[in-house]
Amino acid sequence: MAPRVPVVIMAFARPKSTAMVLDAVKAARPARVIAVLDGPRPHKPGEDALCAEVAAQFAQSAWPCPVEVIASPVNMGLRARISTGLSEVFSRHDRAIIIEDDCVPHPSFFPFCEELLERYADNPRVSAISGNNFAGTLGGIHRDASYHFTPFPHIWGWATWARVWQSFDADMRWWRGRRELFWLWRCFGDLGLALSWYHTIRNVRNGKIKSWALPFTVEQLRAGTMAVGPEQNLVTNVGFGDGATNTTEATHPRSNIPAEAVVFPLKHPDQVAPDQQITRWTQREVFHAQRPVTFGGVRRWLRGR
């Protein structure tokens, strides 16, 4: 069934991977596509031509649906362009499926998102629907349900609602420095994890880490909400390596994970509660938040370093 929910494509200066994404989206025949485009960086020769090539891909007449383009003539950067673009989308739509220009979805990704967007539309405990499964079956354990819940929303192909996005602050202006360690400690129940996340968040705030996804994850941790994660990986990230903003390591273990089909009808979990095994794995393997508490670590925190 063709998606009725708008499909948002975030694109920049990568025409090759963008073409792969567009082929997958066209095959799904959504009701509407919204392209959010960033402009070229002035210090990068040739990037203006690449951005123009990407824009032209959305202007072609072979689309099976209306295409709206939200373009910035200047480069805003990943965090600002995604934040402002999605804010504009959610000012007019109550839900959306979102794909970046290097994330190629399996055909079953779209009905998976659409069904669960409807199922959990009014459930404030659910913040997002992800198409990513990085952990596989974790030692061969196959769950009875088609998906699980986790506090960590993965965003290489995902979906959410305006009710979630409208409360998101990409700049984390609520951050009060060292005092935030206490809610992190309450959140994780572990001082080592709290210290690890404290340093990560501080590096986002001071610009050492350029990410919109980490602030979005932290926002969900603060709210105590959960994201859906599929039992099969539904989206392949083909964008690791040259040209990437953050995923620059071509041999990264989450690069080019094959996408599989989800089986319908979906089998729903008995309750909306986090899968503890997946949650622990994600902490350790995705966010590398496993640092033990040491006297030196606490001392550095007290000094504000």
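The values are calculated or read from the model by the stated rules, or taken from the named source; none is laboratory data. Quantities reported herein were computed from a predicted structural model and do not represent experimental measurements. Note: ideal-geometry Cβ built from the backbone for every residue, glycine included; neighbour counts use all protein chains shown.
Here's the yes/no breakdown for (1) without any contact (Cβ under 8 Å) to a residue 60 or more places away in the chain; (2) buried (at least 19 other Cβ atoms within 10 Å of the Cβ); (3) assigned to a loop (DSSP other than H, G, I, E, B):
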{"residue": "ASP169", "(1), (2), (3)": "yes, no, yes"}
{"residue": "GLU180", "(1), (2), (3)": "yes, yes, no"}
{"residue": "TRP185", "(1), (2), (3)": "yes, no, no"}
{"residue": "LEU193", "(1), (2), (3)": "no, yes, no"}
{"residue": "GLY207", "(1), (2), (3)": "yes, no, yes"}
{"residue": "VAL218", "(1), (2), (3)": "yes, yes, no"}
{"residue": "VAL228", "(1), (2), (3)": "no, yes, no"}
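What about GLU88, is it in a strand (DSSP E or B) and at pLDDT 95 or above? No.
Selection within the range 250-273: residues that are under 18 Å from the mean Cα position of the chain (by Cα) and not hydrophobic (A, V, I, L, M, F, W, C). The member of this set that is modelled with the highest pLDDT is PRO258. Could you go through the range 79-95 and let me know if any residue there is touching a residue at least 60 places away in the same chain (Cβ under 8 Å) and within 26 Å of ALA261 (Cβ to Cβ). Yes, that holds for at least one residue.
Taking the numbered list (1) within 13 Å of the chain's Cα centre (by Cα); (2) part of a loop (DSSP other than H, G, I, E, B) in turn, ALA128 passes all entries but (2). Filtering VAL69, VAL8 for residues that are surrounded by 15 or more Cβ atoms within 10 Å (Cβ to Cβ), closer than 23 Å to ALA159 by Cα and of a type in the set (Val, Ile, Thr) leaves a single hit, VAL8.
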